1. Dipole size in debye (nearest 20) for segment 160-249 around its Cα centre, Lys and Arg Cβ +1, Asp and Glu Cβ -1?
2. Between rounded, prolate and oblate, where does the chain land on the alpha carbon gyration tensor, with a ≥ b ≥ c its root eigenvalues, rounded for a/c under 1.5, else prolate if a/b exceeds b/c?
3. Using 1/(1 + (r/R0)^6) with R0 = 45 angstrom and r between the beta carbons of residue 3 and residue 65, what's the FRET efficiency to the nearest 0.05?
4. So how many Lys-Lys pairs in the chain land under 17 Å Cα to Cα, not counting same-chain pairs under 8 apart?
5. Which ordering of 49, 200 is given by a fewest-first count of other beta-carbon atoms within 10 Å?
6. Based on other C-beta atoms within 10 Å, arrange 81, 75 from fewest to most.
7. Find how much the distance from residue 56 to residue 115 grows on full extension, using 0.36 nm per residue of separation minus their present alpha carbon separation; answer in nm with one decimal.
8. Magnitude of the Cβ-charge dipole of the chain, K/R +1 and D/E -1, about the Cα centre, nearest 20 debye?
Amino acid sequence: MDDDLLELRRMLEAAERVVVFTGAGISTESGIPDFRSPGGVWTRMKPIYFQEFVASESARVESWRRKFESDPVMRAAAPNRGHRAVAALVDRGKVSHVVTQNIDGLHQASGIPDHQVIELHGNATYAHCLDCQKRFELDAIRPVFEATLKPPRCDECGGLVKSATVSFGQPMPPAAMIRAEEAILACDLCLVAGSSLVVYPAAGFPELAKRQGAVLAIVNREPTDMDPIADLVLHREIGATLGEVVGNN
Ligand code: NAD
Ligand code: ZN
């Protein structure tokens, strides 16, 4: 095994309470495109900010059109070797929590219990009312939207219905932020996999881990802004790297 892989394995063995921090890069091998790789979503279209969604009916229509266009890809996706390696570490009691920027639910699908997955940017597999929080299933919204091209409204309170994800400009979910901070403050190793580490406040968590004295390791096929403060950086593919280090297929 190469030296950098052995070093990551040694760090994992020495650690007692690991937090794995993941971004879109851990799910590209499951067929879900990330945002910032060449050819990623942001190189093809502009994000719709939360304020635009709230203020403009045409922004809501465009947002729902994109949502239903990308939904089949997300539904068809299954956990890959990287997700399975993380799940194995949780199962061994090595990893206390997975803090994720992802909205695809693949960590839960890989078998990690809900209480150990902290979703910073919400979940794309359902929608909710922005006013009363009532939950709506995508399968119920889709036929009505496609027939009327009107963005959905809440049948209880008339509020705007939006995918249960956190858009640019939208407040972060307070409970997830508190849980993530607690997990990070208690960890002795933070392993980052597949995040460009440019989206704040999420990217502040690996930084916080390092500042409170934890070891910081980053796996990403490209350099990130936090490489200079990391104790170990592996510019490698996530599935093969974590699979080999953890010893799973
Ligand atoms: P990002 O797109 O900004 O960065 C992904 C990083 O992963 C890049 O640095 C890229 O080099 C790296 N990467 C991609 N595939 C890799 C692989 N196989 N092996 C190693 N490295 C790989 O993602 P981000 O930092 O998570 O920020 C994007 C935001 O968009 C997230 O906060 C999330 O909310 C959302 N998002 C989620 C999903 C998802 O749930 N799967 C997908 C796209 C975007
Ligand atoms: Zn409502």
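Every number in this text was worked out from the coordinates using simple rules, so none of it is lab data. Treat the numbers as computed from the prediction; the structure is a model and nothing was measured. As a convention, Cβ positions derive from the backbone with ideal geometry for all residues, glycine included, and neighbour counts pool all protein chains shown.
1. Details: 6 positive and 10 negative charges, 57 e Å.
Roughly 280 debye for segment 160-249.
2. Values: a/c = 2.04, a/b = 1.89, b/c = 1.08.
In terms of gyration-tensor shape, prolate.
3. Numbers: r = 48 Å, r/R0 = 1.08.
The pair residue 3/residue 65 has a calculated efficiency of 0.40.
4. On the way: 46/67; 67/150; 67/162; 134/162; 150/162.
So the count works out to 5.
5. Values: 49 14, 200 10.
Lowest count first: 200, 49.
6. In increasing order of surrounding Cβ atoms, one gets 75, 81.
7. 17.7 nm
8. Working: 26 positive and 33 negative charges, 112 e Å.
It works out to roughly 540 debye.
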